[in-house]
1. Which of (1) in contact with a helix residue (DSSP H, G or I) (Cβ under 7 Å, 6 or more places away or on another chain); (2) surrounded by fewer than 23 Cβ atoms within 10 Å (Cβ to Cβ); (3) at the interface with chain B (Cβ under 10 Å from one of its Cβ atoms) is the odd one out, the single condition A:T168 does not satisfy?
2. Can you pull out the residues in the stretch A:2-30 that are within 15 Å of DNA strand D (Cβ to nearest atom), among the charged types (D, E, K, R) and assigned to a loop (DSSP other than H, G, I, E, B)?
3. Considering only residues of the stretch B:8-41 that are over 17 Å from A:Q199 (Cβ atoms) and near DNA strand C (Cβ under 10 Å from one of its atoms), which is surrounded by the fewest Cβ atoms within 10 Å (Cβ to Cβ)?
4. Could you please find all residues in the stretch A:1-55 being of a type in the set (S, T, Y) and out of contact with any helix residue (DSSP H, G or I) (no Cβ under 8 Å at 6 or more places or on another chain)?
5. Name the residues in the stretch A:127-158 that are part of a loop (DSSP other than H, G, I, E, B) and either open to solvent by 30 Å² or more (accessible area, probe 1.4 Å) or within 24 Å of A:R82 (Cα to Cα) (or both), would you?
6. For the stretch A:130-153, name all the residues that are free of Cβ contacts under 8 Å to residues at least 40 places away in the same chain and either of a type in the set (A, V, I, L, M, F, W, C) or not assigned by TED's automatic domain parsing to the domain that holds A:I173 (or both).
7. Is it the case, given these coordinates, that A:L174 is under 21 Å from B:A177 (Cα atoms), hydrophobic (A, V, I, L, M, F, W, C) and not in a loop (DSSP other than H, G, I, E, B)?
8. Here is a check on your reading of the model: is B:N102 in a loop (DSSP other than H, G, I, E, B) and more than 16 Å from DNA strand D (Cβ to nearest atom)?
2 protein chains.
Amino acid sequence: MLEEIPDIVIGRLPIYLRALTNMAVNGEKLTTSSHELGERLGISSAQIRKDLSHFGEFGKQGTGYHINYLIEQLRQILHLDREWPVALIGAGHIGHALASYNGFQHRGFRIAWLFDNDPAKVGQMVGGLPIQPITEMVETLNREKTQMVVLAVPAAAAQEIADQLAQTYIRAILNYAPVHLNVPPHIHVRHNDPVIQMQRMTFYLDTSLAVGSR
Amino acid sequence: MLEEIPDIVIGRLPIYLRALTNMAVNGEKLTTSSHELGERLGISSAQIRKDLSHFGEFGKQGTGYHINYLIEQLRQILHLDREWPVALIGAGHIGHALASYNGFQHRGFRIAWLFDNDPAKVGQMVGGLPIQPITEMVETLNREKTQMVVLAVPAAAAQEIADQLAQTYIRAILNYAPVHLNVPPHIHVRHNDPVIQMQRMTFYLDTSLAVGSR
DNA sequence: TAGATTGTTAATCGATTAACAATC
DNA sequence: TAGATTGTTAATCGATTAACAATC
């Protein structure tokens with residue numbers, strides 16, 4: 001039934017995968033059901049079954065889903081049955097935190113290159129990786145046919161770098177800069193601006209308890 | 001028309017606000033239109049007008065929206081016309097990066113407290129803030145009536161802390177731990193797991209260029 | 001077998017878009 | 001005025017949910 005998968009469905013698969021992996025690690029059981037998974041995640045069981053049905057039939061009536069089998073299938077669907085090398089651009093606070101983060105390894109990614117435009121930083125090691133000059137970025141990415149970058153540079157520099165990335169094989173950008181990026185349609189962009197997430201929640205906060213009101 | 005605002009509409013308002021603020025800073029013009037704003041953001045002009053119409057009438061036929069006025073209105077709608085004190089929990093790599101991040105100040109937030117469970121870290125200064133023992137977290141949050149936290153602790157510790165937060169005035173959690181949190185319905189949770197964002201994009205990557213396939 | 005749970009269909013629900021009268 | 005753009009309505013589009021036959 002692989003025809004036209006809604007992106008919103010794709011967006012839930014990593015959530016399912018993460019929950020299933022946690023189940024597998026805790027390892028109480030070999031199987032789970034759409035009901036149990038949905039309960040954990042606050043998602044309806046019907047939605048989980050519908051989402052999975054876009055890709056095939058992974059369960060058994062009466063018993064549900066074999067956890068490890070479903071994990072393996074989701075990894076294949078999402079192309080996570082390999083390790084994606086990722087270039088990290090920007091060696092500031094966020095770049096340092098990401099380069100040192102050990103949560104990528106077992107989830108399909110490896111920070112393979114680290115670039116910064118500050119000559120004083122070039123050559124320094126961060127998370128076992130040498131900082132390379134940004135002037136070499138395009139050449140390196142093209143040579144390595146890299147498809148994904150994490151962009152952790154100041155807002156003012158982000159669009160210019162995105163323009164350079166458009167000249168490479170890059171097709172996915174995780175953008176930490178608090179600015180919208182304009183890119184050609186073949187490049188996917190996901191934004192990671194914590195303030196946007198926080199501002200989305202203040203709407204619901206109790207303003208009678210608010211401090212610092214002016 | 002303030003009756004039942006869809007959360008998906010709320011989610012776009014901070015995006016609009018960020019783009020408008022950038023426009024105001026660059027300061028070429030005093031007004032903009034739903035068409036211009038939508039073009040920048042890849043959103044239809046009709047959607048922008050519809051979203052705003054939930055809250056009032058902010059534009060003028062023929063001329064569009066006064067940028068600074070719309071910014072002010074959005075800030076009021078989102079309760080950003082004040083400074084929200086936020087507790088940061090976890091002083092690891094991410095906690096350090098966030099505590100040192102200077103992008104909160106002008107967007108409605110201030111990291112006011114920093115907690116960690118490592119006695120060796122307690123007392124150290126990070127981003128001008130002393131690390132406090134996690135054992136004092138609940139008491140401090142209750143005394144200060146804090147409503148928002150950023151949770152940057154290991155996955156294994158996140159749910160336990162969330163349970164403690166449920167005993168306080170906290171109503172919003174920005175969760176950096178790569179695990180789903182179960183919280184009472186009055187607490188809003190937004191997740192910030194970069195790997196989830198990255199895994200969502202690999203579906204679209206060119207697997208013929210993929211490295212490390214097994 | 002009896003109970004449980006899938007995959008799928010059809011109905012419902014909600015969000016987006018097109019179009020346009022109103023009007024600056 | 002003429003052109004531009006709003007706010008809103010109705011139509012369209014898409015996503016979620018309820019229900020159930022199939023079957024392990």
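1. It fails just one condition, (3).
2. Once the filter is applied, which keeps residues that are within 15 Å of DNA strand D (Cβ to nearest atom), among the charged types (D, E, K, R) and assigned to a loop (DSSP other than H, G, I, E, B), the stretch A:2-30 yields A:E3, A:E4.
3. B:G38
4. Listed by number, the list holds a single entry, A:S53.
5. A:G127, A:G128, A:K145, A:T146, A:Q147, A:P154 - these are the residues of the stretch A:127-158 that are part of a loop (DSSP other than H, G, I, E, B) and either open to solvent by 30 Å² or more (accessible area, probe 1.4 Å) or within 24 Å of A:R82 (Cα to Cα) (or both).
6. Residue satisfying the conditions is A:V138 alone.
7. yes
8. yes
The values are calculated or read from the model by the stated rules, or taken from the named source; none is laboratory data. The shown structure was predicted, so the numbers you read here are calculated from the model rather than taken from an experiment. No Cβ is skipped: glycine too gets one built from the backbone with ideal geometry, and neighbour counts run over all protein chains shown. Protein only, heavy atoms only, side chains kept; ligands, DNA and RNA dropped before computing areas. Shrake-Rupley method; radii C 1.70, N 1.55, O 1.52, S 1.80 Å.
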